[in-house]
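One structure is given below, encoded as structure tokens.
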Amino acid sequence: MSILHEKLDALFKPRSVAVIGASRKPGKIGYTILKNIIDYGFKGKIYPVNPAATEILGHKAYPSVLDIPDEVDMAVIAIPADKVLDVAEQCGKKGVKVLVVITSGFGEVGNKEAEEKLVEIARKYGMRILGPNIFGIAYTPSRLNATFGPPELREGSIAFISQSGALGIALMGWTYMEEIGLSAVVSMGNMADLDVAEVSEYFAEDENTRVITIYLEGLKPGTGKRFIEIMRKVSLKKPVIVIKAGRSKRGAMAVASHTGSLAGADQVYDAAFKQSGVLRAYTVEEMFDWARAFAYQPVPKGERTIIITNGGGVGVLATDAAEEYGVPLLVPSEELKSKLRETMPWFGSPRNPVDLTGQAGVENYVKALEVAYNSDEVDNIIVLYCRTAILDPLELAKAIVEVANKHADKGKPLLAGLVGGRDVYEAIRYLNRNKIPAYPSPERAVSSLATMLRYKRFREKLLKEHESKA
Ligand code: COA
């Protein structure tokens, strides 16, 4: 295990957390953070620090971090900026390993000197800093929600790193409502010390994270080359999906005044992402669509994709999307076609897309999926469904999950697109809960598989480069 990993364990798996500035007053940031830590069921010890209180939310409060009769791994700091440096010094003396500095009023408003001083203190004592100017950190495997965002988070394997505070908080709530499971949420703020690349490096080795998502506004000047180097290594281990804000000229100006980071020409970022294998999404929806695919299904081993549908129209839409996004559709052999023919009415089509027709019932889908899973010609499966009165979408969803589980050892990714609006929502939810990435349109399923294939290709290219160097 790397030194970075050990050090950052204090951030994600702390044995004890002090909340400095834990307030007695509901509604204040220091109160909310403490309440979230307690309510989400943090497994370690919790120490509120507030010189004016003896007890907060049922926990004994200490006048300063130095008075805590125990080791403190992580200190969350939520007191005004002018008091932070003294408290950081105390944390250093106490042997705190990592500071999570919520407080605003540092580099982002031109107070660079205080921010540099904070980093100096941290270096002196060997502490790491997350922030300042952040909404906190959450890591679901530790049941740690040290944020002033929503109290609830769904457990899962997607790590989410956000350079925007408000958007990060909003997406915490959004992922909860959308039933998207997260391993972590990390607010980056001013990145005085820890930055996006280092945190990603931690997740590359984290056994609870399968995919890393990042909302990025900009890198700090002079860190571009390092970003590419680190992200190439990270991408080799886990997929990284990024949304980079400030694509437009006006957007770039807004970024500059928001976090003070370098938005730069968009093409430069685009090139950096391509070089490092980082997958660029253009909307939040797209980012989490792709992330769910990686979180639930294996990375494709091959390119040959089959589409199974009960509607010719959605099959054609998926075919168009496949061509546009770069998903090669397999041309079934005569042998495969004859096996597929047995799964459908005589007027169906065993060509790809495989059209089971509007008359298809659960058994037709199950049989066709069995053929696809068992065929050496097929690497990836997209299953599509159009709402018909003769096939209940939830029944179909249950059958799909059953077949997919039965063939999990084959390592073939399966993604689903269900069209039918409100009528198919429950089925989509059922599939996602059971780790089949499912979407309300064929295009979103195809786009997610296309991204998995892009990742597969990049990884293979990198591995080859490594081999030829070795
Ligand atoms: N050690 C511990 N506790 C201390 C303290 C010290 N040295 N000095 C003060 N406190 C206590 C206060 O008594 C108060 O507790 P109380 O409410 O029970 O009296 C609590 O810590 C908070 O201090 P207060 O002075 O009331 O500050 P505040 O809550 O008004 O503001 C911040 C503190 C950090 C929230 C504020 O400075 C800030 O930065 N807000 C912006 C945060 C933000 O948006 N971050 C970025 C998000 S993306």
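I need the full set of residues from the range 387-414 which are within 19 Å of L340 (Cβ to Cβ) and assigned to a strand (DSSP E or B), in order please.
Answer for the range 387-414, where residues must be within 19 Å of L340 (Cβ to Cβ) and assigned to a strand (DSSP E or B): L391, L414.
Condition check ((1) hydrophobic (A, V, I, L, M, F, W, C); (2) more than 27 Å from G222 (Cβ to Cβ)) across all residues:
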position: A146; (1), (2): yes, yes
position: R154; (1), (2): no, yes
position: I158; (1), (2): yes, yes
position: L167; (1), (2): yes, no
position: Y176; (1), (2): no, yes
position: G181; (1), (2): no, yes
position: V186; (1), (2): yes, no
position: N190; (1), (2): no, no
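V87: away from the ligand (no atom under 15 Å from the Cβ), assigned by TED's automatic domain parsing to the domain that holds K28 and assigned to a helix (DSSP H, G or I), yes or no? Give the derivation first.
Numbers: away from the ligand (no atom under 15 Å from the Cβ): no; assigned by TED's automatic domain parsing to the domain that holds K28: yes; assigned to a helix (DSSP H, G or I): yes.
Answer is no for this residue.
If we keep just the residues of the range 28-84 that are among the polar types (S, T, N, Q) and closer than 29 Å to L182 by Cα, which is surrounded by the most Cβ atoms within 10 Å (Cβ to Cβ)?
N36
What single numbered condition from (1) within 10 Å of the ligand (Cβ to nearest atom); (2) assigned to a loop (DSSP other than H, G, I, E, B) fails to hold for D70?
(1)
Tell me, which residue of the range 160-191 that is among the β-branched types (V, I, T) and away from the ligand (no atom under 16 Å from the Cβ) is surrounded by the most Cβ atoms within 10 Å (Cβ to Cβ)?
The selected residue is T175.
Test K244 against the criterion of being surrounded by 19 or more Cβ atoms within 10 Å (Cβ to Cβ) and modelled with pLDDT of 95 or more, and give yes or no. Outline the logic, then answer.
Details: surrounded by 19 or more Cβ atoms within 10 Å (Cβ to Cβ): yes; modelled with pLDDT of 95 or more: no.
Spelling it out, it is not the case that K244 is surrounded by 19 or more Cβ atoms within 10 Å (Cβ to Cβ) and modelled with pLDDT of 95 or more.
Which is within 15 Å of the ligand (Cβ to nearest atom), charged (D, E, K, R), under 27 Å from R154 (Cβ atoms) and in contact (Cβ under 8 Å) with a residue 60 or more places away in the chain, of K35, K28, K43?
One residue alone meets the criteria, K35.
Filter the range 287-343 down to the residues that are among the hydroxyl-bearing types (S, T, Y) and buried (at least 20 other Cβ atoms within 10 Å of the Cβ), then identify the one that is farthest from Y385 (Cα to Cα).
Y296
Which condition number does L356 fail, the rest of (1) in contact (Cβ under 8 Å) with a residue 40 or more places away in the chain; (2) surrounded by fewer than 17 Cβ atoms within 10 Å (Cβ to Cβ) being met?
(2)
Under 9 Å between Cβ atoms, at least 6 apart or on separate chains: pull out the pairs that start in the range 231-250 with a residue that is touching a residue at least 12 places away in the same chain (Cβ under 8 Å) and end on any residue that is among the charged types (D, E, K, R) and assigned to a loop (DSSP other than H, G, I, E, B).
Pairs that qualify, where the first residue is touching a residue at least 12 places away in the same chain (Cβ under 8 Å) and the partner is among the charged types (D, E, K, R) and assigned to a loop (DSSP other than H, G, I, E, B), are K238/D206; K238/R210; P239/R210; K244/E217; A245/E217; G246/E217.
The values are calculated or read from the model by the stated rules, or taken from the named source; none is laboratory data. Just so you know, these numbers come straight off a predicted model, no measurement behind them. Cβ sites come from the backbone with ideal geometry, for glycine too, and all protein chains shown count toward neighbours.
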